[in-house]
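Shown next, in structure tokens, is the structure this report addresses.
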Amino acid sequence: MLEGKNVNLRIMEKEDLPVLREWDNNPEFMGRFEPLRQETRTDLERTCDNLKDAQRFFVEKKDGAKIGYIAHFLAAGEIELGYFIVPTERRKGYASEAIKILADYLFLSKHIVRIQAKADLENLASWKALEKAGFTREGILRKTYYCWGEHRDDCIYSILREEWKEPKVLA
Ligand SMILES: CC(C)(COP(=O)(O)OP(=O)(O)OC[C@H]1O[C@@H](n2cnc3c(N)ncnc32)[C@H](O)[C@@H]1OP(=O)(O)O)[C@@H](O)C(=O)NCCC(=O)NCCS
């Protein structure tokens, strides 16, 4: 387990897929900036098996309550992050802490120079969480994904090893 100040990250196992399916199939949890989808357990298992160099972690409060998840995966050769917090636990700093923990873990465990994340141009909560975790906006990807009936713009963010410098949460 990766321990933070207010949240911990616990690696997900295959047995945890039902929890993930409940969340992924819930449009309120996924929000307006994530493509609407409904997945069976088989779909999820297939996606998990096909993801390259990916890991998913529960975001847990200190009492063990599961309040969301954060993942890293390879997107066109780049290490990319994605994260979700249940609606009742948002705006308490949990996503930004989870991002800091995962960035620490990735820079401490992999010989990489950069981590990236994408956030919809209107997803203020997501890009503020990234900026709080030390990520810098690089630019805008125009009409790069299809979501809730629209072709939408994403902001691309990254943090370089030399900007990260040292662990922010993991000792
Ligand atoms: C994006 C998301 C993970 C942020 O989680 P969170 O735990 O609320 O984020 P934090 O509490 O760390 O907030 C980060 C900053 O954004 C601000 N913020 C959060 N929600 C906001 C909102 N709806 N509007 C404006 N600012 C918001 C917070 O106040 C905080 O800034 P501050 O410290 O200056 O106040 C959460 O809103 C979510 O799960 N959304 C749906 C899924 C999603 O869009 N995921 C990202 C796509 S990969």
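Assorted remarks:
- The length gained by stretching the chain between residue 110 and residue 89 to full extension, at 0.36 nm per residue less their Cα-Cα distance, is 4.5 nm.
- Ranked order, 113, 59 - accessible area, probe 1.4 Å, largest first: 113, 59
- Placing a pseudo-label 7 Å from each Cα along the Cα-to-Cβ vector at residue 171 and residue 40 gives an inter-label distance of 4.8 nm.
- Using θ = phi - 60° in the Karplus curve 6.51 cos²θ - 1.76 cosθ + 1.60, the 3J(HN,Hα) couplings for the range 62-75 round to 5, 8, x, 5, 8, 10, x, 8, 9, 9, 10, 7, 9, 10 Hz; x is entered for Gly and Pro.
- Computed from point charges on the beta carbon alone (+1 for Lys and Arg, -1 for Asp and Glu), the dipole magnitude for the chain about its Cα centre is near 380 Debye.
- In this rough spin-label picture, where each label sits 7 Å from Cα along the Cβ direction, the residue 151-residue 13 distance is 4.5 nm.
- Simple spin-label estimate for residue 128 and residue 63 in nanometres, 7 Å along Cα-Cβ: 2.6
- Anisotropy class of the range 1-63 from Cα gyration tensor, a/c 1.5 cut: oblate
- As a fraction of the 1.4 Å probe accessible area of the range 2-164, surface on carbon and sulfur atoms comes out at 49 percent.
- Lysine pairs with alpha-carbon atoms under 19 Å apart, the range 20-154, spacing 8 or more or separate chains: 18
- Between the amide H of residue 86 and those of 68, distances stay under 5 Å, these residues lying 5 or more places away or on another chain, with hydrogens modeled in the peptide plane.
- Farthest toward the positive end of the dipole of the chain, out of 145, 47, 121, is the Cα of 121, where the dipole comes from beta carbon charges about the Cα centre.
- Taking amide H positions as modeled 1.01 Å from N, with prolines and chain starts lacking one, the residues under 5 Å from residue 56 and 5 or more places away or on another chain are 12.
- Shown in residue order for the range 23-37 are the 3J(HN,Hα) couplings computed by the Karplus curve 6.51 cos²θ - 1.76 cosθ + 1.60 at θ = phi - 60°: 5, 4, 8, 9, x, 5, 5, 6, x, 7, 10, 10, x, 5, 8 Hz (x for Gly and Pro).
The values are calculated or read from the model by the stated rules, or taken from the named source; none is laboratory data. Just so you know, these numbers come straight off a predicted model, no measurement behind them. Note that each Cβ is placed from the backbone with ideal geometry, even for glycine, and that neighbours are counted across all protein chains shown. Heads up: the accessible areas ignore ligands, DNA and RNA and are worked out on the full protein's heavy atoms, side chains in. Shrake-Rupley method; radii C 1.70, N 1.55, O 1.52, S 1.80 Å.
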